[in-house]
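Participant: Input: one structure, supplied below.
Throughout, read-outs are computed from the coordinates displayed, never taken from laboratory work. A quick note: this is a predicted structure, and the numbers were derived from the prediction, not measured. Please note: Cβ atoms are built from the backbone with ideal geometry, for glycine as well, and neighbour counts cover all protein chains shown.
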Amino acid sequence: GAGVSQSPSNKVTEKGKDVELRCDPISGHTALYWYRQSLGQGLEFLIYFQGNSAPDKSGLPSDRFSAERTGGSVSTLTIQRTQQEDSAVYLCASSLDGIINNSPLHFGNGTRLTVT
Amino acid sequence: KQEVTQIPAALSVPEGENLVLNCSFTDSAIYNLQWFRQDPGKGLTSLLLIQSSQREQTSGRLNASLDKSSGRSTLYIAASQPGDSATYLCATPNQAGTALIFGKGTTLSVSS
């Protein structure tokens, strides 16, 4: 019954530090997505995982960003050498099946990252 | 490349009014279209999903329609309430089916 869980809910870090953001999807959901939402901006797609297929990393903005999904469940988004422009809310979502199979996305409440 | 646009960016109405939110997309070859609601400081909540073969979906006071030929979807909210105040976003999958492309949303304020 639990929804998508993200931790931490807030993270303040100094410029240049590395950060890890965690996402626990809904149990049994095969697809997992990471998005970024900046103030005044829309939702920016970052990366997509579907089962055992190779992830779609086309949305990652630079090689400082990486993500993995272990055992088809929990996912971690890592940002290395953080910059002030990385400050945003990072949202994770999961779906039972792929979106082209008409599975609605379920979002977590996000991690608000502030880089000082 | 698919683009999604929502107009207006903001809307204020008195309680009880019926209202329509608009969403347009540039590529009519869509798999589906989803409407979400986002409350301040929260994630997105899925409201309705309209499949490509469908014309509309209803949930309570919400009705979403889809016209692929004109590249438009509308979300109709009947008898609006202050609790409906939120940002409403529409989204449709990219061609690869790996991501939803979102509009920037319409922020709705319903006053009592």
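Participant: Using the 10 angstrom Cβ neighbour count as an exposure proxy, how do A:R81, B:R37 rank, fewest first?
Facilitator: A:R81, B:R37
Participant: Inside 10 Å of the C-beta atoms of A:37-46, what's the mean count of C-beta atoms belonging to other chains?
Facilitator: Per residue, the average neighbour count from other chains is 4.
Participant: Only Cα pairs under 8 Å and at least 6 apart count here; give the relative contact order of region A:31-74 as a rounded whole percent.
Facilitator: Relative contact order comes out at 28 percent.
Participant: Beyond 14 Å, what share of the Cα-Cα pairs of region A:1-47 remains, rounded to the nearest whole percent?
Facilitator: Value for region A:1-47: 66 percent of Cα pairs lie more than 14 Å apart.
Participant: Test of understanding: express the Cα radius of gyration of the protein assembly as shown as a ratio to 2.2 N^0.38 Å, with N the residue count.
Facilitator: 1.01
Participant: How big is the Rg/Rh ratio for chain B, C-alpha atoms only, Rh by Kirkwood, two decimals?
Facilitator: Rounded to two decimals, Rg over Rh is 0.96.
Participant: For chain A, what does the convex hull of the Cα positions come to per residue, in cubic angstrom?
Facilitator: 99 Å³
Participant: Got a sec to turn the phi values of region A:97-103 into Karplus ³J(HN,Hα) couplings, 6.51 cos²θ - 1.76 cosθ + 1.60 with θ = phi - 60°, whole Hz, x for Gly and Pro?
Facilitator: Per-residue couplings from phi come out as 9, x, 5, 6, 9, 6, 8 Hz.
Participant: Using the Karplus curve 6.51 cos²θ - 1.76 cosθ + 1.60 with θ = phi - 60°, work out ³J(HN,Hα) for each residue of region A:50-64 in order, rounded to whole Hz, and write x for Gly and Pro.
Facilitator: 9, x, 9, 6, 4, x, 8, 9, 5, x, 5, x, 7, 6, 6
Participant: Let me ask something else about it. What are the ³J(HN,Hα) values, in whole Hz, obtained from phi via the Karplus relation 6.51 cos²θ - 1.76 cosθ + 1.60 with θ = phi - 60°, for each residue of region B:57-71 in sequence order, with x given for Gly and Pro?
Facilitator: With the stated coefficients, region B:57-71 comes to 9, 10, 8, x, 8, 9, 9, 10, 10, 9, 10, 5, 4, 9, x Hz.
Participant: Right, here's the next one. Evaluate the relative contact order of chain B (contact order divided by residue number), counting alpha-carbon pairs under 8 angstrom at least 6 apart; express in whole percent.
Facilitator: Once divided by the residue count of chain B, the mean separation gives 37 percent.
Participant: Before anything else, pin down the relative contact order of region A:1-86: Cα pairs under 8 Å, at least 6 apart, normalised by residue count, whole percent.
Facilitator: 32 percent
Participant: Taking the beta-carbon count within 10 Å as an exposure proxy, list B:Y31, A:Y33, A:Y90 from fewest neighbours to most.
Facilitator: B:Y31, A:Y90, A:Y33
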